[in-house]
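Structure, as C-alpha coordinates:
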Amino acid sequence: MYDLVIIGGGPAGLSASVYAKRAMLNTVVIEKQPINGGQVLNTYEVDNYLGIPDIDGFNLAKKFKEHAEKLGAEFLKGEVKEIIDKNDFKEVILKNDDKIDTKAVIVATGTFYRKLNIDGEKRLRGMGVSYCATCDGSFFRNKITAVVGGGDVALEDAVFLSRMCEKVYIIHRRDKFRGTKILREKVESIKNIEILYNTVTEEIKGENEVEGLLLKNVNTGKTFDISVNGVFIAIGTIPDTGFLKGLIELDDNGYVIAEEDGITSREGIFAAGDIRLKALRQIITAASDGANCVYSAEKYIEKI
Ligand code: FAD
Ligand code: NAP
(Lines give C-alpha, C1' and ligand atoms only; values in the text may rest on other atoms or scores of the structure.)
(Ligands and ions follow the chains in the order given, each with its own letter.)
Protein backbone atom coordinates (compact mmCIF):
# COMPACT_ATOMS: atom_id res chain seq x y z
CA MET A 1 0.00 0.00 0.00
CA TYR A 2 1.42 3.35 -1.10
CA ASP A 3 0.75 6.55 0.82
CA LEU A 4 0.40 8.43 -2.44
CA VAL A 5 0.02 7.64 -6.13
CA ILE A 6 0.70 10.54 -8.51
CA ILE A 7 -0.84 10.11 -11.96
CA GLY A 8 1.05 12.07 -14.62
CA GLY A 9 4.73 12.94 -14.85
CA GLY A 10 4.42 16.53 -16.10
CA PRO A 11 5.47 19.59 -14.08
CA ALA A 12 2.54 19.19 -11.65
CA GLY A 13 3.20 15.48 -11.02
CA LEU A 14 6.98 15.86 -10.78
CA SER A 15 6.69 18.82 -8.42
CA ALA A 16 4.29 16.76 -6.29
CA SER A 17 6.80 13.90 -6.24
CA VAL A 18 9.53 16.20 -4.87
CA TYR A 19 7.25 17.50 -2.12
CA ALA A 20 5.99 13.98 -1.36
CA LYS A 21 9.52 12.63 -0.89
CA ARG A 22 10.35 15.60 1.34
CA ALA A 23 7.24 14.73 3.35
CA MET A 24 8.55 11.13 3.52
CA LEU A 25 5.45 9.71 1.85
CA ASN A 26 5.79 6.33 0.17
CA THR A 27 5.00 7.53 -3.38
CA VAL A 28 4.96 6.38 -6.99
CA VAL A 29 4.59 8.53 -10.14
CA ILE A 30 2.73 6.82 -12.99
CA GLU A 31 3.37 8.22 -16.48
CA LYS A 32 1.96 6.80 -19.70
CA GLN A 33 4.61 8.25 -22.03
CA PRO A 34 8.14 6.79 -22.29
CA ILE A 35 9.58 10.09 -21.02
CA ASN A 36 8.36 12.15 -18.08
CA GLY A 37 7.91 15.89 -18.58
CA GLY A 38 4.44 16.30 -20.07
CA GLN A 39 3.66 19.15 -22.46
CA VAL A 40 6.95 20.85 -21.59
CA LEU A 41 8.63 18.33 -23.87
CA ASN A 42 6.84 20.01 -26.79
CA THR A 43 8.58 23.36 -26.59
CA TYR A 44 12.06 24.13 -27.84
CA GLU A 45 12.36 27.21 -25.65
CA VAL A 46 10.76 27.56 -22.26
CA ASP A 47 9.47 31.02 -21.35
CA ASN A 48 8.37 32.37 -18.01
CA TYR A 49 9.87 29.70 -15.73
CA LEU A 50 11.49 31.62 -12.92
CA GLY A 51 15.27 31.46 -12.69
CA ILE A 52 15.85 29.32 -15.79
CA PRO A 53 15.51 31.67 -18.77
CA ASP A 54 17.49 29.81 -21.45
CA ILE A 55 16.41 26.20 -21.56
CA ASP A 56 14.54 23.95 -23.94
CA GLY A 57 11.59 21.87 -22.79
CA PHE A 58 13.41 18.55 -22.96
CA ASN A 59 16.21 19.69 -20.67
CA LEU A 60 13.85 21.37 -18.21
CA ALA A 61 11.81 18.16 -18.00
CA LYS A 62 15.05 16.22 -17.47
CA LYS A 63 16.01 18.55 -14.61
CA PHE A 64 12.58 18.10 -13.01
CA LYS A 65 12.90 14.32 -13.15
CA GLU A 66 16.50 14.31 -11.90
CA HIS A 67 15.44 16.44 -8.94
CA ALA A 68 12.72 13.93 -8.03
CA GLU A 69 15.07 10.96 -8.56
CA LYS A 70 17.73 12.55 -6.35
CA LEU A 71 15.21 12.47 -3.51
CA GLY A 72 14.42 8.82 -4.26
CA ALA A 73 11.11 9.16 -6.11
CA GLU A 74 9.75 5.95 -7.64
CA PHE A 75 8.51 5.94 -11.27
CA LEU A 76 6.28 3.53 -13.12
CA LYS A 77 5.43 3.55 -16.83
CA GLY A 78 1.75 2.89 -17.33
CA GLU A 79 -1.58 4.40 -18.23
CA VAL A 80 -4.20 4.73 -15.54
CA LYS A 81 -7.64 3.75 -16.76
CA GLU A 82 -9.64 3.85 -13.52
CA ILE A 83 -9.55 4.80 -9.85
CA ILE A 84 -11.85 2.91 -7.49
CA ASP A 85 -12.69 4.47 -4.12
CA LYS A 86 -12.59 1.74 -1.49
CA ASN A 87 -13.29 4.41 1.16
CA ASP A 88 -10.27 3.90 3.43
CA PHE A 89 -8.00 3.44 0.41
CA LYS A 90 -8.05 3.85 -3.39
CA GLU A 91 -7.38 1.24 -6.03
CA VAL A 92 -5.59 2.59 -9.12
CA ILE A 93 -6.07 0.39 -12.16
CA LEU A 94 -3.71 0.48 -15.12
CA LYS A 95 -4.51 -0.25 -18.75
CA ASN A 96 -2.76 -3.64 -18.41
CA ASP A 97 -5.11 -4.35 -15.45
CA ASP A 98 -2.37 -4.09 -12.81
CA LYS A 99 -3.81 -2.74 -9.56
CA ILE A 100 -2.07 -0.40 -7.13
CA ASP A 101 -3.44 0.36 -3.67
CA THR A 102 -2.85 3.75 -2.11
CA LYS A 103 -4.12 5.95 0.69
CA ALA A 104 -4.35 9.06 -1.53
CA VAL A 105 -4.10 10.01 -5.20
CA ILE A 106 -2.94 13.17 -6.94
CA VAL A 107 -4.23 13.39 -10.50
CA ALA A 108 -1.98 15.54 -12.70
CA THR A 109 -2.82 14.29 -16.18
CA GLY A 110 -2.80 17.69 -17.93
CA THR A 111 -4.59 18.74 -21.08
CA PHE A 112 -3.98 18.28 -24.72
CA TYR A 113 -4.68 20.87 -27.43
CA ARG A 114 -7.61 20.18 -29.69
CA LYS A 115 -6.23 19.48 -33.13
CA LEU A 116 -7.52 20.60 -36.50
CA ASN A 117 -6.58 17.21 -37.94
CA ILE A 118 -5.64 18.59 -41.34
CA ASP A 119 -2.72 17.94 -43.69
CA GLY A 120 0.57 19.46 -42.55
CA GLU A 121 -0.49 20.00 -38.92
CA LYS A 122 1.38 17.09 -37.40
CA ARG A 123 4.32 17.16 -39.82
CA LEU A 124 5.08 20.87 -39.27
CA ARG A 125 4.47 20.96 -35.51
CA GLY A 126 7.37 22.89 -33.95
CA MET A 127 8.33 24.15 -37.42
CA GLY A 128 5.76 26.90 -37.61
CA VAL A 129 2.75 25.06 -36.21
CA SER A 130 2.20 25.96 -32.57
CA TYR A 131 -0.54 25.69 -29.98
CA CYS A 132 0.90 28.30 -27.61
CA ALA A 133 1.43 31.93 -28.69
CA THR A 134 2.80 33.07 -25.33
CA CYS A 135 5.42 30.34 -25.58
CA ASP A 136 6.41 30.53 -29.25
CA GLY A 137 5.26 33.96 -30.44
CA SER A 138 8.69 35.55 -30.14
CA PHE A 139 10.05 33.23 -32.84
CA PHE A 140 7.86 35.09 -35.34
CA ARG A 141 9.08 38.64 -34.76
CA ASN A 142 8.40 40.74 -37.92
CA LYS A 143 6.88 37.71 -39.66
CA ILE A 144 3.36 36.90 -40.84
CA THR A 145 1.29 34.58 -38.70
CA ALA A 146 -2.24 33.23 -38.50
CA VAL A 147 -4.34 32.28 -35.50
CA VAL A 148 -7.07 29.69 -36.02
CA GLY A 149 -10.05 29.92 -33.66
CA GLY A 150 -12.60 32.41 -32.40
CA GLY A 151 -12.55 32.03 -28.62
CA ASP A 152 -10.84 34.15 -25.97
CA VAL A 153 -7.55 32.31 -26.38
CA ALA A 154 -7.46 32.92 -30.15
CA LEU A 155 -8.29 36.60 -29.70
CA GLU A 156 -5.75 37.06 -26.92
CA ASP A 157 -3.14 35.23 -29.00
CA ALA A 158 -3.81 37.54 -31.95
CA VAL A 159 -3.45 40.66 -29.78
CA PHE A 160 -0.22 39.29 -28.31
CA LEU A 161 1.20 38.37 -31.74
CA SER A 162 0.20 41.71 -33.31
CA ARG A 163 2.73 43.43 -31.07
CA MET A 164 5.64 41.56 -32.61
CA CYS A 165 4.49 40.26 -36.00
CA GLU A 166 4.27 42.24 -39.21
CA LYS A 167 0.75 40.89 -39.78
CA VAL A 168 -1.63 38.50 -38.05
CA TYR A 169 -4.61 36.77 -39.64
CA ILE A 170 -7.43 35.41 -37.49
CA ILE A 171 -9.21 32.55 -39.21
CA HIS A 172 -12.61 31.77 -37.74
CA ARG A 173 -15.14 29.29 -39.04
CA ARG A 174 -18.21 31.43 -38.23
CA ASP A 175 -19.27 35.05 -38.77
CA LYS A 176 -19.07 35.88 -35.03
CA PHE A 177 -16.37 35.36 -32.47
CA ARG A 178 -17.12 33.31 -29.40
CA GLY A 179 -14.65 35.43 -27.40
CA THR A 180 -15.69 38.31 -25.13
CA LYS A 181 -16.76 41.75 -26.41
CA ILE A 182 -13.73 43.52 -25.05
CA LEU A 183 -11.39 41.20 -26.93
CA ARG A 184 -13.54 41.29 -30.07
CA GLU A 185 -13.40 45.08 -30.12
CA LYS A 186 -9.69 45.02 -29.42
CA VAL A 187 -8.82 42.74 -32.35
CA GLU A 188 -11.08 44.75 -34.66
CA SER A 189 -9.19 47.92 -33.73
CA ILE A 190 -5.67 46.63 -34.35
CA LYS A 191 -4.38 47.64 -37.76
CA ASN A 192 -2.08 44.70 -38.49
CA ILE A 193 -4.78 42.10 -37.68
CA GLU A 194 -6.90 40.87 -40.60
CA ILE A 195 -9.96 38.84 -39.71
CA LEU A 196 -11.17 36.12 -42.05
CA TYR A 197 -14.65 35.12 -40.91
CA ASN A 198 -16.54 32.13 -42.30
CA THR A 199 -13.23 30.58 -43.20
CA VAL A 200 -11.82 27.16 -42.47
CA THR A 201 -8.27 25.93 -42.78
CA GLU A 202 -7.96 22.98 -45.13
CA GLU A 203 -4.19 22.47 -45.23
CA ILE A 204 -0.96 23.78 -43.74
CA LYS A 205 1.61 24.04 -46.51
CA GLY A 206 5.40 23.94 -46.41
CA GLU A 207 8.32 21.58 -46.92
CA ASN A 208 10.44 21.92 -43.78
CA GLU A 209 8.62 24.89 -42.25
CA VAL A 210 5.25 26.55 -42.58
CA GLU A 211 4.96 28.55 -45.80
CA GLY A 212 1.22 29.07 -46.20
CA LEU A 213 -2.34 27.94 -45.61
CA LEU A 214 -5.02 26.64 -47.91
CA LEU A 215 -8.29 28.22 -46.78
CA LYS A 216 -11.94 27.86 -47.77
CA ASN A 217 -14.75 30.37 -47.45
CA VAL A 218 -17.65 28.30 -46.11
CA ASN A 219 -20.31 30.55 -47.70
CA THR A 220 -18.95 30.57 -51.23
CA GLY A 221 -17.03 27.27 -51.12
CA LYS A 222 -14.12 29.13 -52.76
CA THR A 223 -10.60 28.04 -51.75
CA PHE A 224 -7.59 30.36 -51.62
CA ASP A 225 -4.02 30.48 -50.31
CA ILE A 226 -2.36 32.87 -47.89
CA SER A 227 1.37 33.09 -47.16
CA VAL A 228 2.29 32.79 -43.48
CA ASN A 229 5.43 31.85 -41.53
CA GLY A 230 3.55 30.46 -38.57
CA VAL A 231 0.13 29.24 -37.55
CA PHE A 232 -1.21 29.20 -34.01
CA ILE A 233 -4.04 26.77 -33.48
CA ALA A 234 -6.27 27.97 -30.64
CA ILE A 235 -9.44 25.93 -30.93
CA GLY A 236 -9.71 24.90 -27.28
CA THR A 237 -8.08 22.29 -25.06
CA ILE A 238 -9.23 18.94 -23.85
CA PRO A 239 -8.38 17.87 -20.29
CA ASP A 240 -7.15 14.31 -19.89
CA THR A 241 -9.87 13.47 -17.36
CA GLY A 242 -12.09 10.98 -19.18
CA PHE A 243 -11.26 8.29 -16.63
CA LEU A 244 -12.45 10.54 -13.78
CA LYS A 245 -16.03 10.96 -15.02
CA GLY A 246 -18.50 9.96 -12.32
CA LEU A 247 -15.74 9.82 -9.71
CA ILE A 248 -15.04 13.51 -9.09
CA GLU A 249 -16.80 16.70 -10.07
CA LEU A 250 -15.81 18.03 -13.51
CA ASP A 251 -17.10 21.11 -15.34
CA ASP A 252 -18.86 20.86 -18.70
CA ASN A 253 -15.51 20.87 -20.51
CA GLY A 254 -14.04 18.11 -18.36
CA TYR A 255 -11.86 20.28 -16.09
CA VAL A 256 -11.63 19.19 -12.45
CA ILE A 257 -13.36 21.55 -10.07
CA ALA A 258 -10.79 22.15 -7.35
CA GLU A 259 -9.26 25.20 -5.69
CA GLU A 260 -5.57 25.90 -5.20
CA ASP A 261 -5.42 23.28 -2.42
CA GLY A 262 -6.28 20.60 -5.02
CA ILE A 263 -9.15 19.20 -2.95
CA THR A 264 -11.76 17.60 -5.22
CA SER A 265 -15.32 16.49 -4.56
CA ARG A 266 -13.99 13.08 -3.47
CA GLU A 267 -11.95 12.68 -0.30
CA GLY A 268 -8.44 11.45 -0.87
CA ILE A 269 -8.30 12.40 -4.55
CA PHE A 270 -6.52 15.65 -5.35
CA ALA A 271 -6.05 17.49 -8.66
CA ALA A 272 -3.01 19.45 -9.79
CA GLY A 273 -1.91 21.38 -12.87
CA ASP A 274 -3.66 22.01 -16.17
CA ILE A 275 -6.56 19.64 -15.47
CA ARG A 276 -7.78 22.00 -12.76
CA LEU A 277 -10.31 24.73 -13.63
CA LYS A 278 -8.12 27.83 -13.42
CA ALA A 279 -7.10 30.97 -15.29
CA LEU A 280 -3.44 30.45 -16.14
CA ARG A 281 -2.05 27.19 -17.40
CA GLN A 282 1.74 27.39 -17.24
CA ILE A 283 4.65 25.34 -15.90
CA ILE A 284 5.02 27.49 -12.81
CA THR A 285 1.33 27.25 -11.87
CA ALA A 286 1.38 23.48 -12.46
CA ALA A 287 4.44 23.09 -10.22
CA SER A 288 2.75 25.23 -7.58
CA ASP A 289 -0.37 23.04 -7.72
CA GLY A 290 1.74 19.91 -7.23
CA ALA A 291 3.23 21.35 -4.05
CA ASN A 292 -0.15 22.47 -2.69
CA CYS A 293 -1.70 19.07 -3.41
CA VAL A 294 0.94 17.22 -1.39
CA TYR A 295 0.29 19.57 1.53
CA SER A 296 -3.44 18.70 1.32
CA ALA A 297 -2.75 14.97 0.81
CA GLU A 298 -0.44 14.87 3.82
CA LYS A 299 -3.16 16.32 6.05
CA TYR A 300 -5.68 13.82 4.63
CA ILE A 301 -3.36 10.82 5.21
CA GLU A 302 -2.70 11.90 8.81
CA LYS A 303 -6.47 12.03 9.38
CA ILE A 304 -7.46 8.59 8.03
P1 FAD B 1 1.13 18.04 -18.55
O2 FAD B 1 2.38 18.76 -18.81
O3 FAD B 1 0.11 17.92 -19.62
O4 FAD B 1 1.52 16.58 -18.01
C5 FAD B 1 0.55 15.60 -17.82
C6 FAD B 1 1.21 14.24 -17.93
O7 FAD B 1 0.26 13.25 -17.56
C8 FAD B 1 1.66 13.91 -19.35
O9 FAD B 1 3.02 13.51 -19.32
C10 FAD B 1 0.74 12.78 -19.78
O11 FAD B 1 1.38 11.84 -20.64
C12 FAD B 1 0.40 12.13 -18.44
N13 FAD B 1 -0.86 11.40 -18.47
C14 FAD B 1 -2.04 11.82 -18.99
N15 FAD B 1 -3.00 10.89 -18.78
C16 FAD B 1 -2.41 9.87 -18.11
C17 FAD B 1 -2.89 8.62 -17.62
N18 FAD B 1 -4.17 8.26 -17.74
N19 FAD B 1 -2.01 7.78 -17.00
C20 FAD B 1 -0.70 8.14 -16.85
N21 FAD B 1 -0.20 9.32 -17.31
C22 FAD B 1 -1.05 10.18 -17.91
N23 FAD B 1 4.30 26.85 -20.09
C24 FAD B 1 5.22 27.74 -19.63
O25 FAD B 1 5.19 28.13 -18.47
N26 FAD B 1 6.23 28.18 -20.45
C27 FAD B 1 6.37 27.77 -21.73
O28 FAD B 1 7.28 28.18 -22.44
C29 FAD B 1 5.42 26.83 -22.23
N30 FAD B 1 5.50 26.38 -23.48
C31 FAD B 1 4.59 25.47 -23.94
C32 FAD B 1 4.72 25.04 -25.25
C33 FAD B 1 3.84 24.11 -25.74
C34 FAD B 1 3.98 23.66 -27.17
C35 FAD B 1 2.81 23.60 -24.92
C36 FAD B 1 1.88 22.54 -25.44
C37 FAD B 1 2.66 24.05 -23.61
C38 FAD B 1 3.55 25.01 -23.11
N39 FAD B 1 3.44 25.52 -21.82
C40 FAD B 1 4.37 26.40 -21.35
C41 FAD B 1 2.35 25.07 -20.90
C42 FAD B 1 2.88 24.00 -19.92
O43 FAD B 1 3.59 23.04 -20.64
C44 FAD B 1 1.72 23.35 -19.14
O45 FAD B 1 1.01 24.35 -18.45
C46 FAD B 1 2.25 22.33 -18.15
O47 FAD B 1 3.01 21.34 -18.80
C48 FAD B 1 1.12 21.65 -17.40
O49 FAD B 1 1.66 20.69 -16.56
P50 FAD B 1 0.79 19.45 -16.02
O51 FAD B 1 1.73 18.63 -15.22
O52 FAD B 1 -0.44 19.94 -15.40
O53 FAD B 1 0.33 18.67 -17.32
P1 NAP C 1 -13.26 28.05 -26.65
O2 NAP C 1 -13.88 29.19 -25.93
O3 NAP C 1 -13.88 26.71 -26.56
O4 NAP C 1 -13.14 28.49 -28.19
C5 NAP C 1 -12.68 27.62 -29.14
C6 NAP C 1 -12.82 28.31 -30.49
O7 NAP C 1 -12.28 27.44 -31.46
C8 NAP C 1 -14.26 28.60 -30.87
O9 NAP C 1 -14.36 29.85 -31.50
C10 NAP C 1 -14.60 27.48 -31.84
O11 NAP C 1 -15.48 27.88 -32.88
C12 NAP C 1 -13.26 27.20 -32.47
N13 NAP C 1 -13.14 25.82 -32.88
C14 NAP C 1 -13.34 24.70 -32.13
N15 NAP C 1 -13.08 23.60 -32.86
C16 NAP C 1 -12.71 24.05 -34.10
C17 NAP C 1 -12.33 23.40 -35.28
N18 NAP C 1 -12.27 22.06 -35.36
N19 NAP C 1 -12.02 24.15 -36.36
C20 NAP C 1 -12.06 25.49 -36.30
N21 NAP C 1 -12.42 26.17 -35.20
C22 NAP C 1 -12.75 25.45 -34.11
O23 NAP C 1 -11.73 27.79 -26.21
P24 NAP C 1 -10.60 28.81 -25.75
O25 NAP C 1 -10.56 30.02 -26.58
O26 NAP C 1 -9.39 27.96 -25.64
O27 NAP C 1 -11.06 29.23 -24.28
C28 NAP C 1 -11.26 28.24 -23.27
C29 NAP C 1 -11.94 28.87 -22.05
O30 NAP C 1 -11.05 29.78 -21.42
C31 NAP C 1 -13.17 29.66 -22.43
O32 NAP C 1 -14.13 29.45 -21.44
C33 NAP C 1 -12.68 31.09 -22.41
O34 NAP C 1 -13.71 32.02 -22.16
C35 NAP C 1 -11.68 31.04 -21.28
N36 NAP C 1 -10.70 32.12 -21.40
C37 NAP C 1 -11.00 33.34 -20.89
C38 NAP C 1 -10.12 34.39 -21.02
C39 NAP C 1 -10.45 35.71 -20.48
O40 NAP C 1 -11.45 35.81 -19.76
N41 NAP C 1 -9.67 36.75 -20.74
C42 NAP C 1 -8.94 34.21 -21.70
C43 NAP C 1 -8.65 32.96 -22.23
C44 NAP C 1 -9.55 31.93 -22.07
P45 NAP C 1 -17.02 28.20 -32.59
O46 NAP C 1 -17.03 29.56 -31.94
O47 NAP C 1 -17.64 28.18 -33.92
O48 NAP C 1 -17.50 27.10 -31.67
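The values are calculated or read from the model by the stated rules, or taken from the named source; none is laboratory data. No experiment lies behind these values; they were computed from the predicted model shown. Ideal geometry is used to build each Cβ from the backbone, glycine not excepted, and the neighbour counts take in all protein chains shown. In case anyone asks, the SASA skips ligands and DNA or RNA and just uses the protein heavy atoms, side chains included. Shrake-Rupley method; radii C 1.70, N 1.55, O 1.52, S 1.80 Å.
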To the nearest 10 square angstrom, how much accessible area does Val153 have with a 1.4 angstrom probe?
-> 90
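Measuring with a 1.4 Å probe in the full set of protein chains, what accessible area per residue, in whole Å², belongs to the chain? Numbers along the way, then the final one.
On the way: 15330 Å² over 304 residues.
Per residue, the chain has an accessible area of 50 Å².
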Dipole of the chain, positive end: most advanced residue of Leu4, Leu116, Thr237 [Cβ charges, Cα centre] = Leu116
Label point 7 Å beyond Cα of Arg125 along Cβ direction - residues of region 14-45 with amide nitrogen under 12 Å = 39-43
Which shape class applies to the chain: rounded if a/c is under 1.5, otherwise prolate when a/b exceeds b/c and oblate if not, where a ≥ b ≥ c are the square roots of the Cα gyration tensor eigenvalues?
-> prolate
Using Cβ-Cβ distances only, list the Cys residues of the chain with no partner cysteine under 4.7 Å, sorted by number.
-> Cys165, Cys293
Phi to ³J(HN,Hα) by Karplus 6.51 cos²θ - 1.76 cosθ + 1.60 over region 234-251, Hz, x for Gly, Pro = 10, 10, x, 10, 10, x, 7, 10, x, 6, 9, 4, x, 9, 10, 6, 10, 7
Once both label points are put 7 Å beyond Cα along the C-beta direction, the Leu76-Asp47 separation in nm becomes 3.8
Excluding residues fewer than 8 positions from Lys167 in its own chain, the aspartates and glutamates with Cα under 12 Å of it are Glu194
Output the relative contact order of the chain, whole-number percent, from Cα pairs under 8 angstrom with separation of 6+ residues.
-> 21
Label Ala279 and Arg163 with points 7 Å out from Cα along Cα→Cβ: what is the distance between them in nm?
-> 1.7
Quick calc, region 109-157, dipole around Cα centre from Cβ unit charges on Lys, Arg (+) and Asp, Glu (-), nearest 20 debye, gives 240
What is the dipole size for the chain, taken about its Cα centre, with +1 at each Lys and Arg Cβ and -1 at each Asp and Glu Cβ, in debye to the nearest 20?
-> 480
Among the GluC sites (Glu not before Pro) within region 171-211, which fall in a DSSP loop and have no more than 16 other Cβ atoms within 10 Å of their own Cβ?
-> Glu207, Glu209, Glu211
SASA check, Asp54, accessible area w/ 1.4 Å probe, all protein chains in place, rounded to nearest 10 Å², comes out at 140
Select from Ala146, Leu41, Gly262 the residue farthest towards the positive end of the dipole of the chain; place +1 on Cβ of Lys and Arg, -1 on Cβ of Asp and Glu, and compute about the Cα centre.
-> Ala146
GluC sites (Glu not before Pro) in region 34-120 lying in a DSSP loop, each with at most 15 other Cβ atoms within 10 Å of its Cβ, come to Glu45, Glu79
What residues have an amide H closer than 5 Å to that of Ile195, excluding those fewer than 5 places away on the same chain, when H is modeled at 1.01 Å from N in the peptide plane?
-> Ile170
In region 5-152, what percent of the accessible surface is made up of carbon and sulfur (1.4 Å probe, ligands and nucleic acids excluded)?
-> 49
Cα gyration tensor category, rounded, prolate or oblate, for region 1-54 with a/c compared to 1.5 = oblate
Going by the alpha-carbon gyration tensor, a ≥ b ≥ c the square roots of its eigenvalues, is region 129-233 rounded (a/c under 1.5) or, if a/c is not under 1.5, prolate (a/b greater than b/c) versus oblate?
-> oblate
Cα-Cα longer than 24 Å, checked against Lys143/Lys186; Lys32/Lys99; Lys115/Lys176; Lys63/Lys115; Lys63/Lys90; Lys122/Lys143, kept in input order, equals Lys63/Lys115; Lys63/Lys90
Show the residues, 5+ positions off or on another chain, whose built amide H is closer than 5 Å to the amide H of Glu121.
-> Ile204
In whole percent, what relative contact order does region 129-233 give with Cα contacts below 8 Å and a gap of six or more residues?
-> 30
Only Lys, Arg, Asp and Glu count, each charged at its Cβ (+1, +1, -1, -1), so figure out the dipole size of region 89-204 about its Cα centre, rounded to 20 debye.
-> 200
